[in-house]
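One structure is given below, encoded as structure tokens.
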Amino acid sequence: MSTVQRDSSVPVRRAQSAGEGFVNSRLFAILSRAGFVARALVYGIIGVLAFDLAIGQGGKITNQQGALRSVEQHPFGHFLLTLLAVGLGGYALWRLFRAALGHGREGTDRGIERLGALGSGIAYAAMCVVAVQILTGPGTSGKGAKKTAGDVFSWPAGRWLVAIAGVVLAGVACYQLIRGLRKKFLDDSKTDQMPQPVYKVFTVLGTIGHVARAVVFGLVAVFLIKAAYDYKANEAIGLDGALGKLYDGAYGAWLLGAVAAGLIAFACFSLLEARYRKI
């Protein structure tokens, strides 16, 4: 019996060894760092457009897909969106490998970290797919939060699945808030290689950016849970819906402007992470 177990574990060890070899390769590092640049561009576009709306300079509220579409509409947009798709794919690959291996230069093997990496990897893989769809079919469009929730409601136990998604996202929001306020993101970065001015800017941008993301994710989570409780798919919102709720509320322009500025800060933080993150 023990011999069979040893034999069956050989392919697993070989696969793990191959995965670790790829994770430690230069190609993997380049793809991963390109992903931070792609993430910065997406959040930067969303933040700038929302901030312009908040200060009365036009602008609009959009989500990740809208940000990708806005890239394609610019000169050389097709080429830029191709690079963006590669970057998003690289980031997704990095997060999924971290979820599978659970350790590496980042030095983490905690279950919560691996679950977070899995969720992040799936989310950015989906964004990569959307970018490819835009590149290959200009008529394609992703589902909004309401349509997606409506589809899930039709599944067995769909109402509970929407509620679980809301609870998970609430957990992500809390994690982002704690990570920002306690500056836990510094643990994942090469702070010893940062000049002192860069370290200070990196810390401020990371704190503000994570708090802004926590606000947005928290709002999305609340309305997902509410949609499940009321059994109304039209109450579900996405990132754009969360920004819209801020804008429509009391002191809406101020609140939207503050969160939009936070998302822009997160975009700048992501650019610095492309250089200093431990891969």
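Evaluated against (1) in a helix (DSSP H, G or I); (2) within 25 Å of Gly262 (Cβ to Cβ); (3) small (Gly, Ala, Ser); (4) at pLDDT below 90, Gly87 falls short on exactly one condition, (4). Cβ-Cβ distances below 7 Å connect the following pairs, each with a first residue in region 241-258 that is in contact (Cβ under 8 Å) with a residue 40 or more places away in the chain and farther than 26 Å from Thr148 by Cβ, a second residue that is open to solvent by 10 Å² or more (accessible area, probe 1.4 Å) and among the aliphatic types (A, V, I, L, M), and a separation of six or more residues or different chains: Ala253/Ala54; Gly257/Ala54; Gly257/Ile55.
Quickly run through region 19-55 and pick out the residues that are in a loop (DSSP other than H, G, I, E, B) and open to solvent by 60 Å² or more (accessible area, probe 1.4 Å). Of everything in region 19-55, those that are in a loop (DSSP other than H, G, I, E, B) and open to solvent by 60 Å² or more (accessible area, probe 1.4 Å) turn out to be Asn24, Ile55.
Go through the residues of region 224-234 one by one and say whether even a single one is modelled with pLDDT under 90, touching a Ser or Thr at 6+ places or on another chain (Cβ under 9 Å) and part of a helix (DSSP H, G or I). Yes. A Cβ distance below 6 Å, combined with a sequence gap of six or more or placement on separate chains, defines the contacts here; from region 32-57, residues that are within 24 Å of Ser189 (Cα to Cα) reach no residue that is basic (Lys, Arg).
Look through region 244-276, keep the residues that are open to solvent by 20 Å² or more (accessible area, probe 1.4 Å) and of a type in the set (Ser, Thr, Tyr), and return whichever of them is farthest from the chain's Cα centre (by Cα). Ranking the candidates gives Tyr251 first. Name the pairs: first residue in region 218-229 and closer than 14 Å to Leu243 by Cβ, second residue among the charged types (D, E, K, R), Cβ to Cβ under 8 Å, at least 6 apart or on different chains? Matching pairs, first to second residue: Leu219/Lys245; Phe223/Glu235; Phe223/Lys245.
The values are calculated or read from the model by the stated rules, or taken from the named source; none is laboratory data. Not measured: the values here are computed from a predicted model. Note: ideal-geometry Cβ built from the backbone for every residue, glycine included; neighbour counts use all protein chains shown. Side chains included, ligands, DNA and RNA excluded: accessible areas come from the protein's heavy atoms. Shrake-Rupley method; radii C 1.70, N 1.55, O 1.52, S 1.80 Å.
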